[in-house]
Amino acid sequence: MPFDYDLFVIGGGSGGVRAARVAAGDHGAKVALAEEYRMGGTCVIRGCVPKKLMVFASEYGEMAKDAQAYGWDMDVRGFDWQRFHAGLAAELDRLEGAYRNTLKNAGVTTYDQRATVVDPHTVALADGTRITAKHILIAVGGRPFVPTFEGSDLAITSNEIFHMPQLPKKALIVGGGYIASEFACILNGLGVDTHQYYRGGQILRGFDEECRNHIASQMQADGVSIRCGTDIVKLVREGDAIVAHATDGSAERFDLVMYATGRVPNTDGLGLENAGVRLGQKSEITVDDYSQSSVPSIFAVGDVTDRISLTPVAIREGHAFADTVFGGQKRTADWDLVPSAVFTQPEFGTVGLSEEAAAQNGPIEVYTAAFRPMQTLFAGRQNRVLMKLVVCAGTRVVLGCHIVAPHAGEMIQLAGIAIKMGATKEDFDRTVAVHPSMSEELVTLRKPVRKT
Ligand code: NDP
């Protein structure tokens with residue numbers, strides 16, 4: 001029996017759209033894609049893109065003060081959330097349109113409704129239509145996880161923060177990961193009295209410790225009140241305020257409480273059990289390196305597989321899937337040495353092993369430079385940049401590069417190429433510095449600060 005489509009993709013985010021576009025546009029497959037919310041997914045609609053625009057918005061306050069120090073005669077009277085928000089909404093509309101065009105131009109049929117799995121070759125749309133496909137790709141992403149406790153429904157998540165009717169005066173962010181730390185900096189930069197509670201000893205667990213400490217102390221110096229070793233016992237509504245009762249015995253009033261305590265795969269109610277798709281402990285779809293699930297006709301890419309939850313990784317997974325299944329080129333994504341950035345203020349770019357992780361594998365040398373960068377030093381700011389290389393003492397290969405600095409995300413993309421190529425410390429050293437720049441420090445680090 002012929003199928004309606006060669007491929008049916010559930011989820012119009014980064015991974016799903018790339019897979020659909022490549023399968024149809026490059027490899028000539030007959031492809032359909034269903035998306036229940038807005039085309040573009042978490043990254044474009046309620047994640048990386050609007051977040052980064054909010055980061056930009058939040059940086060202008062300090063930049064305006066710097067401009068005054070540079071001689072500009074200007075007067076900053078405050079931030080207009082409504083005006084910014086209108087611009088943000090328009091930009092997201094534009095991007096959603098671009099995603100739709102990409103699919104249309106590749107010849108992909110789109111359904112603006114929820115789709116669920118009926119069996120290994122059939123999906124059901126919300127309107128009851130059943131569609132068959134030779135292959136089904138699940139690319140439904142993840143959603144914020146909020147633990148259940150008294151008053152937990154009073155907290156918003158990163159999904160809602162982009163739709164705040166107005167900016168709060170005082171906000172609490174709970175969590176110590178990427179999202180919590182980024183939004184603590186954003187709100188602080190926008191002039192909100194910002195508090196961050198984290199249950200562990202230091203925010204950004206898993207990253208290089210020296211960098212975590214550097215970022216946290218800079219955030220605190222910039223005005224974020226970070227309380228580590230503190231969790232919420234209950235949230236109570238009192239008039240317009242939310243009172244957060246914490247494990248340290250405090251009860252503080254906030255206008256807004258945001259939970260950023262991780263994300264979980266979006267597999268609930270997707271009908272995967274109907275088809276016999278195996279799920280892991282976090283309800284993620286377990287897949288092999290080719291993104292194939294336990295059911296041979298069903299594949300999954302992106303956050304729903306809980307591998308590395310980053311947009312560019314989902315895109316690579318979707319692309320490799322399409323090339324493998326429809327392009328006759330058996331390919332996997334590459335999950336090794338993935339560079340990434342945390343858009344805190346200060347920004348953090350990182351690739352490879354932290355000092356702590358590298359030290360577990362054998363002798364290492366650590367090179368660092370910490371300094372006040374020229375641009376903001378001139379304006380009288382106290383912020384410091386940290387550049388760090390973790391080097392294998394035996395092979396001299398640079399195992400990790402960590403940068404806490406303005407534009408660290410841009411810098412780590414380029415350092416990531418060298419490190420992916422297996423560059424040694426001596427390769428860094430024989431590269432001539434670009435002067436005057438911050439990143440020149442990476443090629444002028446002469447003596448190790450530590451050998452372990
Ligand atoms: P993370 O996994 O990074 O952090 C979750 C945080 O919540 C941790 O600090 C964790 O604490 C804490 N936490 C978890 N459960 C509880 C609980 N029950 N009570 C209190 N605290 C809790 O998740 P995020 O939500 O910040 O981000 C999700 C993923 O999205 C990231 O891992 C990343 O892959 C991606 N992302 C990437 C970005 C980027 O590239 N710039 C930006 C935003 C997201 P503990 O450390 O103790 O476990």
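The values are calculated or read from the model by the stated rules, or taken from the named source; none is laboratory data. On a predicted model such as this, the values are computed, not experimentally measured, just so you know. Cβ sites come from the backbone with ideal geometry, for glycine too, and all protein chains shown count toward neighbours.
A few points about this structure:
- Some residue of the stretch 185-203 being within 13 Å of the ligand (Cβ to nearest atom), more than 20 Å from Glu356 (Cβ to Cβ) and aliphatic (A, V, I, L, M): yes
- Contacts under 8 angstrom Cβ, first residue in the stretch 388-413 being on the phi > 0 side of the Ramachandran plot and at pLDDT 95 or above, partner part of a strand (DSSP E or B) and of a type in the set (S, T, N, Q), 6 or more apart: Arg396/Thr424
- Within the stretch 361-387, the set of residues being closer than 22 Å to Cys401 by Cβ, without any contact (Cβ under 8 Å) to a residue 60 or more places away in the chain and of a type in the set (A, V, I, L, M) comprises Val385, Met387.
- Checking each residue in the stretch 243-263 for being surrounded by fewer than 22 Cβ atoms within 10 Å (Cβ to Cβ), β-branched (Val, Ile, Thr) and in a strand (DSSP E or B) picks out only Val243.
- Candidate set: the stretch 175-218, residues that are closer than 15 Å to Ala405 by Cα and hydrophobic (A, V, I, L, M, F, W, C); chosen: the one nearest to the chain's Cα centre (by Cα): Cys185
- The stretch 356-398 - residue that is over 17 Å from Arg446 (Cα atoms) and aliphatic (A, V, I, L, M) and, of those, surrounded by the fewest Cβ atoms within 10 Å (Cβ to Cβ): Met374
- Yes/no for Val146 being assigned to a loop (DSSP other than H, G, I, E, B), within 22 Å of Gly177 (Cβ to Cβ) and within 12 Å of the ligand (Cβ to nearest atom): yes
- So Asp306, is it crowded, with 17+ Cβ neighbours inside 10 Å and under 22 Å from Val338 (Cα atoms): yes
- Looking across Gln218, Gln281, one residue alone is of a type in the set (S, T, N, Q) and more than 16 Å from the ligand (Cβ to nearest atom). It is Gln218.
- Within the stretch 154-181, residues that are at positive phi and touching a residue at least 60 places away in the same chain (Cβ under 8 Å) reach partners that are within 13 Å of the ligand (Cβ to nearest atom) and not charged (D, E, K, R) with beta carbons closer than 6 Å, at six or more positions or on different chains, in the pairs Gly175/Ala260; Gly175/Thr261.
- Of residues in the stretch 415-443 being surrounded by fewer than 15 Cβ atoms within 10 Å (Cβ to Cβ) and among the polar types (S, T, N, Q), the one farthest from the chain's Cα centre (by Cα): Thr431
- Of all residues in the stretch 337-354, exactly one satisfies the criterion of being under 13 Å from Ile179 (Cα atoms) and more than 10 Å from the ligand (Cβ to nearest atom), namely Gln345.
- For the residues Glu238, Glu210, Glu252, the requirement of being free of Cβ contacts under 8 Å to residues at least 60 places away in the same chain, more than 14 Å from the ligand (Cβ to nearest atom) and either touching a strand residue (DSSP E or B) at 6+ places or on another chain (Cβ under 8 Å) or under 18 Å from Val146 (Cβ atoms) (or both) singles out Glu238.
- Taken residue by residue, the stretch 151-173 has at least one member that is within 11 Å of the ligand (Cβ to nearest atom), outside any loop (DSSP other than H, G, I, E, B), in contact with a Leu (Cβ under 9 Å, 6 or more places away or on another chain) and of a type in the set (A, V, I, L, M, F, W, C).
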